[in-house]
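Student: Provided herewith is a single structure, encoded as structure tokens, for subsequent inquiry.
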Amino acid sequence: MEKDNKRVIYWLLTGCFLIFIMVIVGGITRLTHSGLSMSDYKLITGTIPPIGEEAWQEAFELYQQYPEYQKINYDFTLKDFKSIYFWEWLHRVIGRLIGIVFFLPFIYFIIKKQLSKSTIRKGIVLLALGGFQGFLGWYMVKSGLVDRPDVSHYRLAAHLTTAFITFAYTLWVALDLMYKERNEVLKPMRNLIRISLVILLIQIIWGAFVAGLDAGFIHNHWPLMNDGQLIHETVYQEQTPLLKNFIEGKSGVQFTHRYIAYLVVLFIGLIWYKSRKLRLSIPQKNGINYLLILVFVQFLLGVLTIIYAVPLWLGVAHQVGAFFLLSAMTFTLHRFSK
């Protein structure tokens with residue numbers, strides 16, 4: 001039987017789609033402040049939500065024992081609790097589904113000898129990334145159940161960034177199987193795209209910092225910050241030492257996220273500019289064109305998200321835009337790497 005066939009490609013692309021859905025639901029979970037509603041972690045039985053009024057009351061009473069209810073949501077009714085419970089439950093269920101979708105077909109393809117040795121090795125890496133992602137989700141939620149009613153923005157960033165990296169690597173493995181032909185490697189262009197990818201990942205990390213610190217709800221002006229200032233004084237005065245402002249201060253984190261965005265646009269514009277003088281294949285041209293379009297859409301979404309103080313739909317759209325931009329960057333780098 002043919003190895004690395006279409007069914008294997010469909011399996012990998014299905015995994016990509018599910019990770020995409022999970023990131024969307026994760027964004028909604030974060031923006032609706034639903035992430036701490038499931039206070040206990042049950043790998044198997046947690047797949048089924050509470051059934052019946054008594055079970056719901058028990059879950060609600062457990063939630064009432066933790067800081068989020070005691071310090072913020074102390075006026076919640078059972079109905080309010082159910083609304084936030086749904087998003088966290090759905091997020092966890094999709095996570096379990098992704099684990100099943102990756103693991104069971106992987107074992108099946110190995111038994112049926114439909115995977116090459118190279119793809120098996122890559123599949124093991126994917127399983128490891130998926131398992132690590134699940135651990136980070138638990139580790140993140142745990143940080144919000146101790147003293148303060150919010151998760152660590154560092155752990156949130158680790159959880160989100162790992163999801164993006166897992167998606168990008170899954171897509172890369174699928175592209176390896178979809179495009180068997182080898183391209184001429186244009187090293188200067190490939191290296192420029194690699195640098196751009198690193199900058200984009202750094203921007204994703206700072207985007208998670210903004211989300212984790214609720215830093216999108218301040219300085220809701222563009223291109224200047226509050227009071228017509230290019231750099232608001234709180235950017236460098238909230239924390240000591242100075243560097244701490246840019247990783248833990250709300251103003252500093254938002255400021256950093258704003259200006260890395262300009263850097264992302266600059267580097268993708270540079271990729272497009274330099275590509276005009278090269279003889280490229282159609283997939284290479286398409287990848288660069290997608291990058292150019294998506295980076296401007298994403299930049300616009302970021303500006304609107306700030307101006308309108310992160311309404312739910314714009315916050316989710318901005319996160320989806322980052323996902324598509326990373327997809328285009330991964331595709332383009334792949335087409336310049338073989």
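Student: Listing ILE288, ILE231, ILE51 from the residue with the fewest other Cβ atoms within 10 Å to the one with the most, what is the order? Working shown, then result.
Tutor: On the way: ILE288 25, ILE231 13, ILE51 8.
Exposure proxy ranking, most exposed first: ILE51, ILE231, ILE288.
Student: May I pose another question? Once label points are set 7 Å from the Cα along Cα→Cβ at both LYS117 and LEU78, what is their separation, rounded to one decimal in nm?
Tutor: Spacing of the two 7 Å Cα→Cβ label points: 6.1 nm.
Student: Quickly rank 275-282, 289-296 as a protection proxy: mean count of other C-beta atoms within 10 Å, highest first.
Tutor: Taking the mean over residues of other Cβ atoms within 10 Å, the ranking is 289-296, 275-282.
Student: For LYS113, go through the lysines and keep the ones whose alpha-carbon is under 17 Å away, minus same-chain ones fewer than eight residues off.
Tutor: Reachable lysines: LYS3, LYS6, LYS122.
Student: Per-residue ellipticity at 222 nm for the chain, helices alone: DSSP H runs ≥ 4 residues times -39500 (n - 2.57), over residue total, nearest 500 deg cm²/dmol?
Tutor: -24000 deg cm²/dmol
Student: Between TYR108 and ILE195, what is the label-point separation in nm under the 7 Å Cα-to-beta-carbon projection?
Tutor: Rounded to a tenth, the inter-label distance reads 4.5 nm.
Student: Continuing with the same structure: Using a Förster radius of 56 Å, what is the FRET efficiency between VAL125 and ASP227 based on their Cβ-Cβ separation? Nearest 0.05, please.
Tutor: Plugging the Cβ-Cβ distance into 1/(1 + (r/R0)^6) gives 0.70.
Student: In addition: Of VAL146, ILE110, HIS91, which is farthest along the charge dipole of the chain in the positive direction, counting Lys and Arg as +1 and Asp and Glu as -1 at C-beta?
Tutor: Checked the options; the winner is ILE110.
Student: So if I place +1 on the C-beta of Lys and Arg and -1 on the C-beta of Asp and Glu, and nothing else carries charge, what would the dipole magnitude of the chain be about its Cα centre? I want it in debye, nearest 20. Can you show the working numbers first?
Tutor: Numbers: 33 positive and 21 negative charges, 484 e Å.
Dipole about the Cα centre, nearest 20: 2320 debye.
Student: While we're here: Which of the three applies to the range 95-253, rounded, prolate or oblate, going by the alpha-carbon gyration tensor with a ≥ b ≥ c and a/c under 1.5 meaning rounded?
Tutor: Oblate shape, in that a/c is at least 1.5 and b/c is the bigger or equal ratio.
Student: Please pull out the direction-averaged projected area of the chain, using the convex hull of its alpha-carbon atoms, in nm² to one decimal place.
Tutor: Over every viewing direction, the Cα hull of the chain projects on average to 19.5 nm².
Student: Full extension from TYR169 to GLN64: what is 0.36 nm times the residue separation minus their Cα-Cα distance, to one decimal in nm?
Tutor: 33.8 nm
Student: For the pairs LYS117/LYS274; LYS142/LYS250; LYS117/LYS187; LYS71/LYS244; LYS180/LYS277; LYS180/LYS274, flag any whose C-alpha to C-alpha distance is greater than 30 Å.
Tutor: From the list (LYS117/LYS274; LYS142/LYS250; LYS117/LYS187; LYS71/LYS244; LYS180/LYS277; LYS180/LYS274), the Cα-Cα distance tops 30 Å for LYS117/LYS274.
Student: Compare the peptides 32-38, 11-17, 62-68 by average per-residue count of other Cβ atoms within 10 angstrom and give them in order, highest first.
Tutor: 32-38, 11-17, 62-68
Student: Quick check: from the Cα gyration tensor, does the range 184-338 come out rounded (a/c under 1.5), prolate or oblate? Could you put the intermediate results ahead of the total?
Tutor: Working: a/c = 2.49, a/b = 2.01, b/c = 1.24.
Prolate is the answer for the range 184-338, as a/c is 1.5 or above and a/b outweighs b/c.
Student: Label-point separation (nm) for VAL265 and SER281, each offset 7 Å from Cα along Cα-to-Cβ?
Tutor: 3.2 nm
Student: Counting only complete DSSP H runs, which helices of the chain cover 30 Å or more along their long axis at the Cα atoms and score a mean Kyte-Doolittle of -1.0 or above?
Tutor: Long hydrophobic helices here: 6-31, 78-111, 117-142, 153-178, 187-212, 250-275, 282-307, 312-335.
No value in this document is a laboratory result; all are computed from the given coordinates. Model, not experiment: these values are computed from the prediction. Here the Cβ is made from the backbone with ideal geometry for all residues, glycine too, and neighbour counts use every protein chain on show.
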